[in-house]
1. Between Gln451, Gln388, which is among the polar types (S, T, N, Q) and within 30 Å of Phe58 (Cα to Cα)?
2. Does region 327-359 hold any residues that are closer than 18 Å to Arg369 by Cα, among the small types (Gly, Ala, Ser) and under 19 Å from the mean Cα position of the chain (by Cα), and which are they?
3. Only one of (1) crowded, with 16+ Cβ neighbours inside 10 Å; (2) over 23 Å from Gly75 (Cβ atoms); (3) in contact (Cβ under 8 Å) with a residue 24 or more places away in the chain is not met by His376, so which one is it?
4. Answer yes or no: is there a residue in region 54-77 that is among the hydroxyl-bearing types (Ser, Thr, Tyr), assigned to a loop (DSSP other than H, G, I, E, B), crowded, with 23+ Cβ neighbours inside 10 Å and within 14 Å of the chain's Cα centre (by Cα).
5. Can Ala437 be described as aliphatic (A, V, I, L, M) and within 24 Å of Arg103 (Cα to Cα)?
6. Just checking, does region 241-251 include any residue being part of a helix (DSSP H, G or I) and either buried (at least 24 other Cβ atoms within 10 Å of the Cβ) or of a type in the set (A, V, I, L, M) (or both)?
7. Would you confirm whether any residue within region 426-449 is surrounded by fewer than 12 Cβ atoms within 10 Å (Cβ to Cβ), in contact with a Pro (Cβ under 6 Å, 6 or more places away or on another chain), outside the structural domain of Glu309 (by TED's automatic domain parsing) and on the phi < 0 side of the Ramachandran plot?
8. From the list Arg401, Arg386, Arg355, which one is surrounded by fewer than 23 Cβ atoms within 10 Å (Cβ to Cβ), closer than 23 Å to Leu443 by Cβ and in contact (Cβ under 8 Å) with a residue 60 or more places away in the chain?
Amino acid sequence: MKNLNRRDFLKVLGLSAASLAMPGCASAARKTAAIPQGRPNFIIIYCDDLGYGDIGCFGSTKHRTPNIDKMAAEGMKFTSFYVTSGVCTPSRSSLMTGCYPRRVNMHQSARGEWVLFPVAKKGLNPDEITIAEVLKAQGYATACVGKWHLGDQPQFLPTRQGFDYYFGIPYSNDMGSRQRKQNPPLPLLRNEKVIEAPADQNTITKRYTEEVIKFITANKDKPFFVYLPHTMPHNPVHSSDAFRGKSANGGYGDCVEEIDWSTGQILAALKKLGIDDNTLVIFTSDNGAANRWGGGNAPLSGGKGSTMEGGMREPCVIRWPGKIPAGTECSELACTMDLLPTFAKLAATTAPTDRIIDGKDIWPLMAARKGAKSPHEAFYYYYRDRLQAVRSGKWKLHLPRKQKRSRDKKPEQWPARLYDLEADIAEKNDLTAKHPAVVKRLLALAEKAKQDLGDGSQKGANQRPAGLAGTPKPLLL
């Protein structure tokens, strides 16, 4: 199947669903009896810059999040759940493709910036197969409501990447015309048309919630996939009148509490429509919080943009009544790349087999199967184009590197640092001297990643190209 293009592969996905439904596959179905039968609905609620310690069930004492806390009580908390970058664009590319950002060349912009900016030449390659396309081939209705940030040119928008419907702001909410002169007024899109510019951000969380509920109501009688990448609580923070000024943590807390309200509204709609028991809902964030803006990553060190745990380990709550045990917790390593293969499996199909997919099936972890372990031998922490750390089991090794502490000083040589994340979640106690064999093993794993994915100017053997637009144009009303 290595020579299949994207369109042909999606056809194969459709055929695979039919074959699984045939009586001849009954024996296979018996072997996988632990996998729920039928095609569940999927909802991913993906916050922007929400920290590990920003919701009640993960320790927040500043934010009231009763709906997410109840979701955790009725489902499972993943406490070692990762994204693949400390910033927006690369993190989102991994959720969509099941791949590390360097695999799909979305680790930085064409100009070497951390993320894509408006009127970007670069975008997620349309030849990549997204989680939406995998599910769409199985008959799913698909919608993206919120922040996209994988390219703002027509060929890169959600409607060209497997989503039937799009409503949202296509990049970060600080990227309006005030940020850079060449930026257009911050656009709000419906499908591929700008309907408002600049977007009214005070009502954006409320409107996203209404759009999601309309979509699931219209599609309640067939399987659906909703991707809700919230614009908030990215700075500048905004919330509607009902939440503004009401939290104990200023504007940041206000919009976190409105996101909690939004989550509650969506869960209530599922119950009202009678589809709650057939819907898997995931709540998480794209990267750690920026502490200077009011977010909290405690008890982790570091935050947005870093490869410390606070930059890439996120709060994660997963709920599916009757399928995911209530009130449970999983400390095994999992990540957003795992959602594509896991959802594919639950939808009676497979992840793409004509290319490398870095994500793994984590259904055994979600189902709290006895003895289930993380399927990842290693997890890699990239900072833009550089590999900075690797985790395997409980061990995390920060690789030796040169780094500037400030712009006016020469780079300093940072030695390797080894942490036991089970005993030292805050990465305070360096154990390199005590465990040289562990350091040697993790250095070997890091070298494998460098050969495969690349590191700095070193190209990886298995990277794929990003998409490039000819002459990018601004999104205008």
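1. Gln388
2. Answer for region 327-359, where residues must be closer than 18 Å to Arg369 by Cα, among the small types (Gly, Ala, Ser) and under 19 Å from the mean Cα position of the chain (by Cα): Ser331, Ala334.
3. Just one mismatch for His376, condition (2).
4. No, region 54-77 contains no residue that is among the hydroxyl-bearing types (Ser, Thr, Tyr), assigned to a loop (DSSP other than H, G, I, E, B), crowded, with 23+ Cβ neighbours inside 10 Å and within 14 Å of the chain's Cα centre (by Cα).
5. So Ala437 does not fit the description; no.
6. No - not one qualifying residue is present in region 241-251.
7. Within region 426-449, none of the residues are surrounded by fewer than 12 Cβ atoms within 10 Å (Cβ to Cβ), in contact with a Pro (Cβ under 6 Å, 6 or more places away or on another chain), outside the structural domain of Glu309 (by TED's automatic domain parsing) and on the phi < 0 side of the Ramachandran plot.
8. Arg386
The values are calculated or read from the model by the stated rules, or taken from the named source; none is laboratory data. Given the structure is predicted, the values throughout are model-derived calculations rather than measurements. No Cβ is skipped: glycine too gets one built from the backbone with ideal geometry, and neighbour counts run over all protein chains shown.
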